[in-house]
Structures are given as structure tokens and as C-alpha cells.
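Here is the structure we will look at, set down as C-alpha cells.
The values are calculated or read from the model by the stated rules, or taken from the named source; none is laboratory data. Values in this document were obtained by computation on a predicted structure and should not be read as measured data. Cβ atoms come from the backbone with ideal geometry, glycine included; neighbour counts cover every protein chain shown.
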Amino acid sequence: MATNLDYYAVLEVSRDADGTEIKKAYRRLAMKYHPDRNPGDTEAETRFKEINEAYDVLKDDQKRAAYDRFGHAAFEGGGPGAGPGGFDFGGGGLGDIFEQMFGDMMGGRRGGRRAGADLQVQVSITFAEAFSGVKKQITVPTRVTCESCDGTGSADKDQPPEVCPSCHGAGKVRAQQGFFFVERPCPTCHGSGRLIRNPCKVCHGTGTVEKNRTLEVAIPAGVEDGTRIRLSGEGEAGGAGVTPGDLYVHISVEPHPLFQRDGANIYCRVPVRMTQAALGTEIEVPVVDGSRTKVKIPAGTQTGENFRLRGKGFSVLRSSARGDMYIQVVVETPRHLTRRQRELLEEFEADGGGHDKGSPESTGFFSKVKDFFEGKL
Ligand SMILES: [Zn+2]
Ligand SMILES: [Zn+2]
């Protein structure tokens, strides 16, 4: 989890809050954002995780002291990969404590690759933007070299980071575990091989600070809700000699009041008056690109009939193909008839308008009903 949360802000307590206050704040917030109380609410879920993360550190005096002193650097997983981190806890002999404190992070490095953290951002676009493609400016928090200490992590320019006396700069130590010797990151220097006596106040010894970066993402025409775009190397910088992480842009597409989407096809439900459907007509329908087009509705059109507008759907990603647009007809029965309208329809009915060839569906249905009652079906 690559976070740069302010744990005090997360728990809504002051920096000098005591254990009881922190516990109280945690209980209150954990109750409020508990997933059981907020089913399906991903924001509450994220908050709940953050609250637990913050409390996990602040409830423990040692972790809290480390956090107060070094910020997130105290818990970051990266050894040399995390940049020039430095720890001065007053020499060796604290191995067990450190193992407890940093136990989590030891398994946290990925496959030996030195890389900055991957970042995730959420971008919301409209249905029309998904149709046409769009360029979006996004702001990404990232870590850049700390100007105050020129990235050394040391507050004192006359006292640059020293080679760690415990591991002699190797960043690793051998420890006995039962009959075996295992190699683990040096607890004194947190695997960096260096020791900073007086960490920089601005970057807490990490040599990097957080800064917002704006970049433009070209979202291609045809993206679907939930698409994830990976921007290789646009994640966190991670420091000198380190491969930057990747940036993942999660796209959510807002629904449209007129159009629905299924893959590359677009559906639009268009109500047509009963008389139009019976007599036939031409209707004007909207297209997602903002234009309009005419569709012939032949005499005798029924509810649910689709009329295809070829190539008016979404682009298919990584292809020149396009989906189609379908006009789905819904025949609307008139309401609140005037006296004259009623007379006309009564005349129509008396003329046999609703029978035999004119309404094959009803005729077929009622002849089956007759068969049913006569025991033939
Ligand atoms: Zn060391
Ligand atoms: Zn600094």
C-alpha cells in the first residue's frame, strides 16, 4: 500500500493526542466507516482501511515515535529502492524490536526489482467523451528530490550520510534462526546501508518530498466503464537509479439519459405514437456525436422492433471496426382522448380494425385460447 496519509489527520486528532484520545477517535471513526454499515460504498471502505492503518501505527508507542520522527519513511518497504532512507536508533542490539516494527516491510519488496511505487488515479468521463475519445488533465501526487537537503536526507550538509556501522554499507545482516543463518535487511539502516545522524526536517530523511504533477492522458474513443490504462514509468519516481513505478488510470464512464451501451453497440429507446406505428412515418433521432439522423418507421411497426444505424456505434479499441446504433421502438398508446378521437377510434374498431389479418398476434393468441378451453392444447 503506497500511502502518504497523515495518520493524525486520518484519525482527526492533534499531534499531541494521548493514547486514550487516539483510541476513542479510532473507535468512533471505525464505527462510522465500518463496511457492514456502508455496504457497497468503496469510499467508506477506503476510509476504513486508512483508519486502521493509522491506528495500527499510532496505538503503538514505538511505531508512533518512528512515524513522528521519520514520517512514512519509517514504514516504507524499500531498502535501497526507497531512496536514501536513514535511521538512527542509537546503535545495534535492538534487532528484535526492529524486526517487530518492520516485520511487515521485509516481505514487501517486489522480486528484487528496484522500482518506485505504482500509482492509481480515478478519472470520470461522460458517455460522449467515451464515444469520441478525450484528453484529460490529471494531477498525480509524486515524490521528487528534496530541495532542502539536495536529496541526501541529511539536515546537516556538513554531515552527509555515513556508511552504516552495523552492516558496513551492505544493507543486509546475517542472523541466526534456529540452526540456520538467514540474510535480512539491516535493522539499523533499514537496508539502505547508510545512516543519517540528523535527518532532514523537510523530507524526514527520505531525500524525496511529495509534489503534485499534472499530466495529460489521451483516453481513446471507445473506452468502456472500468477500463484501466497503464502509463508505464509515470508512477512514483523512487529516487536515483530506481525504475519509476507505473501509473494506472481507472476510467469510469457516466451513464447517459438517452443512450445505453452494450459493447460497441448503442441502444436508444424511441417512443412512437400508436398511429405513427400503424400508418408508418419517418422520425428524427439523436446520434451520440451530437448530430441527428432520420429513420423510416414502416407501417405496422411493433414495440420492440429495432432499426439499425450501421456504424453509428462506438469505435472498437485497437481496431478500425465500429459498432452499430439501434433504435428500439416503443409504441405508445394514447391517453386522455378527446371526444372526436374516441369517435374515430370507435369507428376504427367497428370497422374490424383489431381483428384477423390486421392484428395477427392477437388473432393467433385468441385462437390458441379457444383451443385451450376446448381441451385441444
Ligand atoms: Zn546497516
Ligand atoms: Zn530533505
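Worth pointing out:
- Residue within region 182-198 that is within 16 Å of ligand 2 (Cβ to nearest atom), in a strand (DSSP E or B) and among the polar types (S, T, N, Q) present: no
Every residue, every condition in (1) at pLDDT 70 or above; (2) within 15 Å of ligand 1 (Cβ to nearest atom); (3) assigned by the TED database to the domain that holds E53, yes or no:
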{"residue": "A66", "(1), (2), (3)": "yes, no, yes"}
{"residue": "G78", "(1), (2), (3)": "no, yes, no"}
{"residue": "M106", "(1), (2), (3)": "no, yes, no"}
{"residue": "T145", "(1), (2), (3)": "yes, no, no"}
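- Candidate set: region 216-238, residues that are loosely packed, with under 14 Cβ neighbours inside 10 Å and either within 16 Å of L119 (Cβ to Cβ) or not assigned by the TED database to the domain that holds K135 (or both); chosen: the one nearest to ligand 2 (Cβ to nearest atom): G233
- Pairing residues of region 263-274 that are in the same structural domain as A321 (by the TED database) with residues that are of a type in the set (D, E) and in a strand (DSSP E or B), at Cβ distances under 8 Å and at least 6 apart in sequence or on separate chains, gives P271/E332; V272/E332; R273/E332; M274/E332.
- Residue check for C149: surrounded by 19 or more Cβ atoms within 10 Å (Cβ to Cβ), within 16 Å of ligand 1 (Cβ to nearest atom) and at pLDDT 75 or above: no
- For the residues T188, T208, the requirement of being near ligand 1 (Cβ under 8 Å from one of its atoms) and under 39 Å from the mean Cα position of the chain (by Cα) singles out T188.
- Flag if G364 is loosely packed, with under 11 Cβ neighbours inside 10 Å and in a helix (DSSP H, G or I): yes
- Among the conditions (1) touching a helix residue (DSSP H, G or I) at 6+ places or on another chain (Cβ under 8 Å); (2) free of Cβ contacts under 8 Å to residues at least 40 places away in the same chain; (3) in a strand (DSSP E or B), the only one that G300 does not satisfy is (3).
- Residues being at negative phi and in contact with a Ser or Thr (Cβ under 9 Å, 6 or more places away or on another chain) - total across region 163-184: 5
- Conditions (1) assigned to a loop (DSSP other than H, G, I, E, B); (2) within 39 Å of the chain's Cα centre (by Cα); number of the one not met by V330: (1)
- Residues in region 152-181 that are touching a helix residue (DSSP H, G or I) at 6+ places or on another chain (Cβ under 9 Å), away from ligand 2 (no atom under 11 Å from the Cβ) and within 21 Å of G71 (Cα to Cα): G171 only.
- Of the residues making up region 333-361, those that are modelled with pLDDT under 85, in a loop (DSSP other than H, G, I, E, B) and touching a helix residue (DSSP H, G or I) at 6+ places or on another chain (Cβ under 6 Å) number 0.
- Verdict on R27 being closer than 17 Å to Y8 by Cβ and touching a helix residue (DSSP H, G or I) at 6+ places or on another chain (Cβ under 7 Å): no
- Just one of the listed residues (A221, A130) is assigned to a helix (DSSP H, G or I), away from ligand 1 (no atom under 16 Å from the Cβ) and either under 34 Å from the mean Cα position of the chain (by Cα) or not hydroxyl-bearing (S, T, Y) (or both), namely A130.
- Any hit, region 342-362, residues being polar (S, T, N, Q) and under 30 Å from V134 (Cα atoms): no
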